[in-house]
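The values are calculated or read from the model by the stated rules, or taken from the named source; none is laboratory data. As the structure is a computational prediction, the values presented were derived from the model and not from experiment. Cβ coordinates were reconstructed from backbone atoms using ideal geometry, including for glycine residues, and neighbour counts include every protein chain displayed. SASA here: full protein model, heavy atoms, side chains in, ligands and nucleic acids out. Shrake-Rupley method; radii C 1.70, N 1.55, O 1.52, S 1.80 Å.
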Amino acid sequence: MLNKALRLICIYCSIAFLPAISLAKEITISNAKVTMTLDYGAQATITSLMVNGQKVISGPDGIFTSVTVNGKTYSSLHLKQTAVLSRDGSAIRISGIDYGDANFDIKETWLFVINDKAIKWTIARSTNKPIPADESAIPVFNFDSINTWEGAYQGYGGVAWFYLFNQKLETYGVHTRSSDFWNSKTGNGLNITVNAPGKNVAMKYSRTNADRLAYTISTSGNELLPKMDTGTNRRRFIRGRTDVWATFTIPAGVSKQTISFSYFDFQQKYGRGKLNGINGGQVSAVLNTIARIGVIDSLHFGGNSWHTPYGPICLHEQYIAQMGLAINDPKYLAGYQSCLDFYCAHAIKPDGRVYPRWAYTNEDAMPGKFNKYGFYEAQWGILMDSNPDLVTNIAELYDMTGSKTWVKSHQADCEKALDWILKRDSNGNGLVEMMTDNLSQKKSSDWIDIIWASYENAFVNANLYHALVKWADIERQLNNPVKAKHYASFAAKLKASFNKDTKDGGFWDAEKGCYDHWRDKDQTMHGRNMVTPVNFMAIAYGICDNDARRKIILDKIEAQMQQEKLFFWPLCMTTYAPGEGKEWQFPFPSYENGDLFLSWGSVAVKAYAAYDPAIAMKYVKNVLEQYSKDGLAFQRYARAKQDGQGDDILSGNSLTIAGLYQSIYGINPLYNRFYLDPHITPDLAGTELNYNFRGKKLAITLEDKSYSVADKMFKVTASTSFGFNATKNQLSYFNGSSTSVSLQATSAKPLSIDIKNWGADKMEWQQQGTMPVVYIVHNLKPNSTYRYTVNWATGKNIRSNLNGEIMINSDAKAATGTITLARL
């Protein structure tokens, strides 16, 4: 056999040549985890690709380069001459890759460099003249099956989820430089990263006629423009075809790009830990797939999906950043940060009005009410919640990243958006008014977009309260006490008016036992049918702080849920009155008049978590069970049969699981700390979570009345909520929800502290580690005497300074000890 072919075998970084005397040419290139076979005779193509022993590509057209001009494809599968192999030190070079026609010539040289972690493939392409290309594949990968991978995470945190490629010739195009292909069943992952300095990179994913997955990389001088639709050119997902990108010009000259292949272990990179009392695989699946499909492209994040026929994004959704909390991928946070930069630049009108939507086309827009970037006013009405929701998403993303520089760059944008809507309070009662005065105008004003909420709308005002509270705190951090006071004062007035009885100008309906949806200008009340988002937001956002009211609302909803045996909360518990919504929503239940929209899962879980976490967990498990049946790949669930409805798939269907993370597990990244505030049920005890937090992998353990957070250096354990932050040699503990540090520990060696008590006059903690440790206790009574003891032995008196601080040098010889500090 060795006399019939030249075979080059590269294992790890070593290369061995064997004798060859025929024209057949083949080369095998590999490291420990990735192996590829390249044919380079009359063609240049990778005919086999194996990832951790799993063959993912096999065939003569496995991976190759091509250019399509006027509908005809020229490729490295058909060369004008025989390609030539040479060796450049430890690198493999294939030259003489020449294809094209009489009008143009494409010459390529391929260089492969191998190391332990990656195989790097550099493609140098030269063209003799500019080429108007329908497509340039540099290269295209033809994976054996559309099911080889479950999906591919994009470099900005989105996902190409191949479950949704349910027809042949469906194609999705994005702008990114990297893609993480994964299969949770095999545990294998393949990262493809493109380095093309000075170039834009686009990728597309297609289901072929042969049910393979075609993955194409393209580079260009200018960002590739979607081909469809004429006049808008924004559609990323197309059906029945693969030409997602418009024609562009490949300039004459030389271009160079490097494609890196590297393996990753799916569980190691994306695993979430040990989730007791719940199906952890389903939790991971929801957050890996449905939660990410609202990310349409690198600058377009929302709660719908790229799969939806008209591809909408709702800027009037306050939970897009919150999904990032549960997705827990740093790429998502960085991507959404860039997205919000784009939104602030192009979706805020000069007067401060925030466009509420973006879409592939203008079909959902008010006539003439859209801009060239695709943002628009919806045909259903002026949806006012977009203004506060943009602010909320910026504020919550800041909490996750901690980037004060970034949030300050949007200070003026957020003030502009808030000030626009605050001007809508014409009567000074703290409740902003909608653009319509009454339901007879048949225009909507919030997310429930074909219900005619008018004038003073509880839904919008609840969102506004949430944004004001968050942004007032950020104004304080940005040293603007005047604005902070202004927004906080408005929020307080809003809350007071919101909580008044309906007869006194508020929203509390004592007869119905709920907050009503809206008040018309003539003071008639509407939406008296327990509209769940309104009532859940009132509780979750702290507007309703009356325990008796909270109990009435939550008990009433749960009683009806049990009676109807619904797996999830509907938008309203009973029917809207005739005339309060679009005609075809009657009789009840139909669409927004009573169907089940999962996008409100996070506020519902938060509302129940502090009241009765067992109820919240029941619906978390229901949603996971539904995911196992249908992937949650619908817009909503019809109330009558609880079956999936609508081709407008909502990534918001994942928000119940976001609520699990934030309100049950208690995971709350904040600007200056990681805050843990669990409300777990007994069956969740023993949960061990992996969580990415600002470049570190935290280990979170939730036991019954014992919670801990640790990185590689430090660990804090407590029986109540607390904040954690760690730098190289310093640990900061924040007692409860305190925004300021309670205890700092400086140590060059690993240290664990277990908080036993933290009161106003007595603090006690157990330390375990290598001494010495220097502690600073904060927030003490200034200039006061405290008794310091170790292991309850005879101690000494220490006096706090004028800032209420005491420094303790713990040089105890024992690795474990209990420190007590008590005021005398």
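Label positions at residue 223 and residue 54, each projected 7 Å from the Cα along the C-beta direction, are separated by 3.3 nm. Given the options 136, 709, 151, identify the residue whose Cα lies farthest towards the positive end of the charge dipole of the chain (+1 on Cβ of Lys, Arg; -1 on Cβ of Asp, Glu). The one lying farthest along the dipole's positive direction is 709. Restricting the range 17-125 to trypsin sites (Lys or Arg not before Pro) that sit in a DSSP loop and have at most 10 other Cβ atoms within 10 Å of their own Cβ leaves nothing.
Calculated [222 nm] ellipticity per residue, helices only, for the chain: -6500 deg cm²/dmol; basis is -39500 (n - 2.57) per DSSP H run with n ≥ 4, divided by all residues, nearest 500.
For the range 204-311, the percent of C-alpha pairs falling in each 5 Å distance bin, counted from 0 to the bin holding the largest distance, reads 2, 8, 13, 16, 18, 17, 12, 7, 4, 2, 1, 0, 0. Taken about its Cα centre, the chain carries a charge dipole of roughly 2240 debye when the Cβ of each Lys and Arg holds +1 and the Cβ of each Asp and Glu holds -1.
Counting chymotrypsin sites (Phe, Trp or Tyr not before Pro) as exposed when in a DSSP loop with at most 12 other beta carbons within 10 Å, what is the longest stretch of the chain free of them? Free of exposed loop sites, the longest segment is 13-791. Which FRET efficiency, nearest 0.05, do residue 641 and residue 555 yield, Cβ-Cβ r, R0 30 Å? After rounding to 0.05, the efficiency reads 0.65.
Just to confirm the number: angle between the C-alpha axis of helix 481-498 and the first principal axis of the chain, 0 to 90 degrees, nearest 10? Approximately 70 degrees, to the nearest ten. Between the helical axis of 330-346 and the dominant principal axis of the chain, each derived from Cα atoms, what acute angle in degrees is found, rounded to the nearest 10? Approximately 80 degrees, to the nearest ten.
Probing with 1.4 Å while keeping every protein chain in the model, the per residue accessible area of the range 509-575 equals 38 Å².
Solvent-accessible surface of the range 233-357, taken per residue with a 1.4 Å probe and all protein chains present: 28 Å². Per residue, the accessible area of the range 583-723 comes to 33 Å², computed with a 1.4 Å probe over protein heavy atoms only.
Once fully extended, how much extra length lies between residue 720 and residue 145, figured as 0.36 nm per residue of separation less the alpha-carbon to alpha-carbon distance? Display every interim value, and only then the final one.
Values: separation 575, 0.36 × 575 = 207.00 nm, distance 4.97 nm.
Value of the extension gain: 202.0 nm.
For the range 698-751, trypsin sites (Lys or Arg not before Pro) meeting the loop criterion (DSSP other than H, G, I, E, B) and having at most 13 other Cβ atoms within 10 Å: 705, 712, 728. The alpha-carbon atoms of the range 355-450 define a convex hull whose volume equals 135 cubic angstrom per residue. In a DSSP loop and with at most 12 other Cβ atoms within 10 Å, the trypsin sites (Lys or Arg not before Pro) in the range 165-203 are 185.
Within the accessible area of the chain, the carbon and sulfur atoms contribute 51%, probe 1.4 Å, all protein chains present.
Placing unit charges on each Cβ (+1 for Lys and Arg, -1 for Asp and Glu) gives the range 203-287 a dipole about its Cα centre, and among 215, 250, 230 the Cα reaching farthest toward its positive end belongs to 230.
In percent, how large is the relative contact order of the chain, given Cα pairs closer than 8 Å and 6 or more residues apart?
Reported relative contact order: 7 percent.
Compute the Cα gyration tensor for the chain, then decide on rounded, prolate or oblate, letting a ≥ b ≥ c be the square roots of its eigenvalues: rounded whenever a/c is under 1.5, prolate when a/b is larger than b/c in the other cases, and oblate in all that remain. Since a/c reaches 1.5 but b/c is at least a/b, the shape of the chain is classed as oblate. Computed from Cα atoms, the angle from the helix 458-477 axis to the main principal axis of the chain rounds to 80 degrees.
Counting only DSSP beta bridges whose two residues both lie in the chain, roughly 95 percent are antiparallel. Of 267, 797, 191, which is farthest on the positive side of the dipole of the chain, counting Cα position, with +1 on Lys and Arg Cβ, -1 on Asp and Glu Cβ, and the Cα centre as origin? Value: 797.
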